[in-house]
Amino acid sequence: MELTPRNIVMVYCAADYLQMMDEFGEDNLLSKSENFFHKNVLHNWKDCILALQSSDPVIARAEKLQIIRKCLSALSMMVCTDPSLFGWPMMMYGSLQSPGGSILWNGINTGARIRSAESDWWFEDISYLSVGLFERLINTMETRGIRPEILVGAIMYYGRKYLPGLGRWKSGQSGKTRTVASFSLTPAVVDQKVLIETIEKLLPEKKGKSFCCFLLGLLRVALILGVSQMCKDSLERRIGMQLEVATLDSLLIPVYSDSDTLYDVDCVERIIHHFMSSESRITSFSPPSLDPETSPASEPLRKVAKLIDNYIAEVASDVNLKPRKIRFLAEALPESSRPLHDGLYRALDIYFKAHPWLSEKEKEELCNIIDYQKLSIDACAHASQNARLPLRVVLQVLFFEQMQLRTALAGCLNVLDTESAPAGPMTVPSEMAGQIVQRDGWITVVRENQVLKGDMESMRSRVGELEEEFNKIKQEMKKVTKSHSSLSSPRLVARKIGCKLIPRSTDAQPDPVDSAGPTPRASIEQARRSHHSRHRKSFSLF
């Protein structure tokens, strides 16, 4: 029979089982198969792959004869070396490649060698191995010193091939497909649950945006297939250690069990706790900073806080989501992680809009997680007119908005006073200069607000004066009605009321009030009407 890479492992194992050694016959089958395996198979990339794939039926005896170990070691050595050095087959050239590895032109050997600078040329080939052989090959490559990022690429390629749900989370991969038509290989039969648990064990501790997206996709498929709890916990821990590079799209994990909610909020909450645990360990070893908000260690916290605020805004439209879930997600991060609470306010506003049946108490409890001093001017303006917020919350927003305006105005006035001082050249700190530039757009509104407040105060004092004057007139009128003798003298009445009559040029002429004017009672009634009308006009203005 003819020995080929496809049958050499079976023949080798059968000859060993039948003890077809040379002592029973010269050049017996065991020595023939052993020579063919060492001289032909172990020196060729394609033949090693074919021999490994055909070894599954006799894997136990192949292990005894060290066939598997030798093939894996040979493949690891070939991956570490430039494939063009030994003329190993390269799939992209197809039939244009001669058996020696050089390029053919019209059937003539040109002598040109194949060069390849790509480090992932072998990903597709080893993806035809079974899960067990693939795991052993990756471990052998790791022992030989192949870079971890290359091994991660091979593992991700293998996982995406046999787990169709991971194809969505390529995160910028080239998507170039490689064909192995010359190999005539068939994909391996893979148990997906075993594959996920194997991949989780093979993946190193690595960080990266594409790697984090792959882990989130792997966790999504693991939740669907129902893998072991240890595997799920490990995936959540790995994701939590690099949550700052995760994307919102990959973090939206649906619920695959019997649940009322659409998204698995509990899983995200556990991931946040893993992130906080890893972040606390990093912070404990880092030197203390004078300003914790501007320290480099707080940058991942701010990124995660922004991501979680956007996540809450996405899941807030779920009508079955309970308020306590929103509160747990928001309070899982420390207060220092959010320099602004605009994202948190936006998420709660979306939640209130999708849950109009919430009581005022539940709304107030959710609003307590917002620090109104960390709301921007635009957020304060929106919140002060938001009918979905409780009245107490709106009043608090207005109060802090006035405080912000007052503080900003005081800062601007201090800067203006410093500029108008006759001192030498003024040096404004960079932080104050940034605040001036930020407030320059709305300083006019602040001044108009102060002018309006001054007008209101003056009008309020004028109303108070009119009320006092009205009370005095009332008391004087009571005295006038009781003393009839005083009615005979109009000047006395006018003097008591507080009016001052213009003196005439001569005292000999009769008093116009006595001769031609109305009666004293009519004058008093007319004065009362005039004062009442003045008071009503002033009140209508207010």
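Between Gln402 and Gln475, what FRET efficiency comes out of the Förster formula 1/(1 + (r/R0)^6) with R0 = 25 Å and r the beta carbon distance, rounded to 0.05?
0.05
For a 19 Å ceiling on Cα separation, which of these pairs sit above it: Lys232/Lys325; Lys325/Lys353; Lys209/Lys306?
Listed pairs above 19 Å: Lys232/Lys325.
For the ranges 126-132, 63-69, what's the packing order if you count other beta-carbon atoms within 10 Å of each residue, average per peptide, and put the highest first?
Final packing ranking: 126-132, 63-69.
Less than 13 Å Cβ to Cβ from Leu225, Lys/Arg counted +1 and Asp/Glu -1: what total charge do the surrounding residues give?
Around Leu225, the surrounding residues sum to 0.
In whole angstrom, note down how far apart the Cα centers of the range 301-343 and the range 191-261 are.
Distance between centres, Cα-based: 21 Å.
Per-residue counts of other Cβ atoms within 10 Å, averaged by peptide: what ranking do you get for 226-239, 350-363, 459-472, highest first?
Sorting 226-239, 350-363, 459-472 by mean packing, highest first, produces 226-239, 350-363, 459-472.
Work through the residues other than Val394 whose Cβ is under 13 Å from its Cβ and net out their charges, Lys, Arg +1 and Asp, Glu -1.
Net charge in that neighbourhood comes out at -1.
Treat each spin label as a single point 7 Å out from the Cα along the C-beta direction, and report the Leu18 to Asp260 distance in nm.
Inter-label distance under the simple model: 7.1 nm.
At 0.36 nm per residue, minus the direct Cα-Cα distance, what do Arg324 and Met456 gain on full extension? Give it in nm, one decimal, please.
Here the segment from Arg324 to Met456 would lengthen by 43.1 nm.
Can you sort Arg327, Arg6, Arg220, Arg406 by solvent-accessible area, 1.4 Å probe, largest first?
Sorted descending by solvent-accessible area, the residues read Arg406, Arg6, Arg327, Arg220.
The values are calculated or read from the model by the stated rules, or taken from the named source; none is laboratory data. Note that the structure is a prediction, hence the values are computed from the model and not measured. So basically every Cβ, Gly included, is an ideal-geometry build from the backbone, and we count neighbours across all protein chains shown. Just so you know, the surface numbers come from the protein's heavy atoms only, side chains and all, with ligands and any DNA or RNA stripped out. Shrake-Rupley method; radii C 1.70, N 1.55, O 1.52, S 1.80 Å.
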